[in-house]
Amino acid sequence: MKLVLLVLAVTLAVPLVAAPTAEPPAAAIPALSPDQLTAALGAGTWLIVEFGGEHCIPCKAMQPVLQELRDTLGDKVVIRNFWIQEHPDVARAHKIMVMPTQIVFDPKGTEVLRHQGVYPLAEFQAALAGKGLS
């Protein structure tokens with residue numbers, strides 16, 4: 001009886017915490033649909049697309065890097081995700097073999113830089129500066 005009361009007392013003393021929501025944070029990098037990707041490639045601006053997956057651990061590791069690039073580069077570039085599991089045909093068309101793959105497109109929609117795997121921020125920034133995007 002004493003054990004039941006002790007467990008009950010401890011249980012009642014622990015504050016209830018709301019479960020985290022499934023919604024991404026406001027600063028998350030949005031994902032493109034195939035039509036949106038086509039439109040973005042023809043929009044006349046720099047575009048960085050990370051081809052990966054929502055549940056891919058290296059892809060998740062890249063999200064803060066992409067957010068930092070977005071914050072640093074501002075309106076000079078559009079940065080988006082593209083979920084290849086949802087659209088494998090588009091991934092094949094872009095010759096995606098590894099998750100994540102980051103592709104940088106110039107304002108003409110031409111691929112000017114490709115990297116596979118996790119891309120450290122400093123290296124990514126240096127590569128972008130080499131392409132005139134800093």
Among (1) on the phi > 0 side of the Ramachandran plot; (2) out of contact with any helix residue (DSSP H, G or I) (no Cβ under 6 Å at 6 or more places or on another chain), the one test that Gly109 misses: (2)
Set Glu54, Glu50, Glu111: member being at pLDDT below 95 and within 17 Å of Pro34 (Cα to Cα): Glu54
Residue satisfying all of: in region 117-134; surrounded by 15 or more Cβ atoms within 10 Å (Cβ to Cβ) and either in contact with a Lys or Arg (Cβ under 7 Å, 6 or more places away or on another chain) or of a type in the set (S, T, N, Q) (or both); modelled with the highest pLDDT among these: Gln125
Test: Lys95 is at pLDDT 95 or above and closer than 15 Å to Ile48 by Cβ: no
Qualifying strands (runs of 3 or more DSSP E) (wholly inside region 33-107; at least 1 residues being buried (at least 18 other Cβ atoms within 10 Å of the Cβ) and of a type in the set (Ser, Thr, Tyr)): 101-105
Hits in region 58-79 - residues which are touching a residue at least 40 places away in the same chain (Cβ under 8 Å) and small (Gly, Ala, Ser): Ala61
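The values are calculated or read from the model by the stated rules, or taken from the named source; none is laboratory data. Since we're looking at a predicted model, the values are computed, not measured. For neighbour counting, all protein chains shown are included, and Cβ atoms are generated from backbone atoms with ideal geometry for every residue, glycine included.
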